[in-house]
1. Can you put Cys28, Cys40 in order of Cβ neighbours within 10 angstrom, beginning with the fewest?
2. What is the fewest-to-most order of Leu37, Leu20, Leu30 by other Cβ atoms lying within 10 Å of their Cβ?
Amino acid sequence: MVRLRGGVYYTNIMNRHIKLVYLTNNKCSLYVNGHFLGYCAFDVAKQKIKEMEDRLNNVTLMYTGDNIFQSGKDATMVYVRI
């Protein structure tokens, strides 16, 4: 999660753009893909998003081709499935 100016926190999880805008007294507004979803407790939302990011960082990518580095040198499009 990245903190921007004005109390805006931004992250991207599973191709969803999540934005938290801190308001006051541990209250924030939640936006997913630019759509307002509602108000929530800032500390709880930030903790849940961090847990999701940590879970997704443990995903291992497997490449089933011959040599990914040679494919990259040859400018071949490499598709990776999770």
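1. Lowest to highest Cβ neighbour count: Cys40, Cys28.
2. With the sparsest Cβ surroundings first, the list reads Leu37, Leu30, Leu20.
Read-outs: derived from the displayed coordinates by stated rules, not from any lab. The shown structure was predicted, so the numbers you read here are calculated from the model rather than taken from an experiment. Neighbour counts run over all protein chains shown; Cβ positions are idealised from the backbone, glycine included.
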